[in-house]
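Derivation of every value follows stated rules applied to the coordinates shown; laboratory data play no part. Note that the structure is a prediction, hence the values are computed from the model and not measured. Note that each Cβ is placed from the backbone with ideal geometry, even for glycine, and that neighbours are counted across all protein chains shown.
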Amino acid sequence: MLDKARVIGALRRSLKDEVDALVAVTAAARDEATGEESRPENEYDTRALEASYLAAGQGERLEELLRVQAWVAQVDPRPVDVAEEGALLAISVGGRPRVVLLAPRGGPQATIDGVTVQMISVESPLGQALRGLRAGDANEIETPRGDEEVEVESIA
C-alpha cells in the first residue's frame, strides 16, 4: 500500500495545479464576456452571452475545486481501518486493481511510484459500495459491464 501522507501531498499538488490553471481560464472567460470584442454587432450576435455562460460554468467548477482543495488540506494522513471519508483503499473491481481515496466529492488523480490514485466521492456508486467495508471485505456493484465484485485489499 502506498504511504497515505505521500498520496495526500501528491493530490494537494495536483489540485493546486488544476486550480491555478482554472483561475487563469476563468479570468480569460470573464474578460471575454465583458470585453469590447464581445459587444454585440446586432441583435442576433450572441458572443457576449455565450462567453458569460462559459465564465459562469468555469466559475462554478473553480468553486467546486476550491471546496475539494480545502477538504484535502485537512485530511488526516493517519491510517484508518474502515472505508470512510479520508480512507485510502487498494481495491479490486471485477479483478482489476485500483487505488482510491474516499472523499466527499470526486476529484483529481495523482500518480505515485507508478500507481494512479483517484479521489472518488463516497456518494458515487463505487463509494457507496465501499463504505463501511474493511480489508478483506467484498461487495457487489452495478457497472456498465454488469454486476461486479468489489474487494477491499487494504486500507490506510
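A few comments on the model shown:
- Hydrodynamic radius of the range 23-69 per Kirkwood, over alpha carbon pairs, in Å: 11.1 Å
- Computed FRET value (nearest 0.05) for A27 with E85, which takes r as the C-beta separation and R₀ as 30 Å: 0.40
- Placing +1 on each Lys and Arg Cβ and -1 on each Asp and Glu Cβ, with no other charges, gives the chain a dipole about its Cα centre of roughly 640 debye.
- Estimated inter-spin distance, D17 and L66, nm [label 7 Å along Cα→Cβ]: 2.3 nm
- One chain, two ends: N42 and R6. Fully extended at 0.36 nm per residue, the span grows by 7.4 nm beyond their Cα-Cα distance.
- Whole-angstrom gap from the range 71-114 to the range 133-152, using each part's C-alpha centre: 16 Å
- Potential extension, Q74-T111 segment - 0.36 nm per residue separation minus Cα distance: 11.3 nm
- Percent antiparallel among DSSP beta bridges (both partners in the range 88-155, rounded to 5): 80 percent
- Here's how it looks for I112: its modeled amide H is under 5 Å from those of V117, which are all 5 or more places away or on a different chain.
- Helix 47-73 vs. the chain, principal-axis angle (Cα, 0 to 90°, nearest 10): 30 degrees
- Each peptide in 59-71, 97-109 gets a packing score, the mean of other Cβ atoms within 10 Å over its residues, and the list from highest to lowest is 97-109, 59-71.
- Cβ-based net charge around V75, under 15 Å, with every Lys or Arg adding one and every Asp or Glu removing one: +4
- For the chain, modelled as a GNM whose springs connect Cα atoms under 10 angstrom apart, the maximal fluctuation among L15, L54, L126 occurs at L54.
- Percent RCO, i.e. relative contact order, over the chain, from Cα pairs under 8 Å lying at least 6 residues apart: 23 percent
- Added length on full extension, which subtracts the Cα-Cα distance from 0.36 nm per residue, S154 to A56: 31.2 nm
- Principal-axis analysis of the Cα atoms of the chain puts helix 4-34 at an angle of about 20° to the longest axis.
- Computed per residue of the chain from DSSP H runs no shorter than four, each worth -39500 (n - 2.57), the mean residue ellipticity at 222 nm is -14500 deg cm²/dmol.
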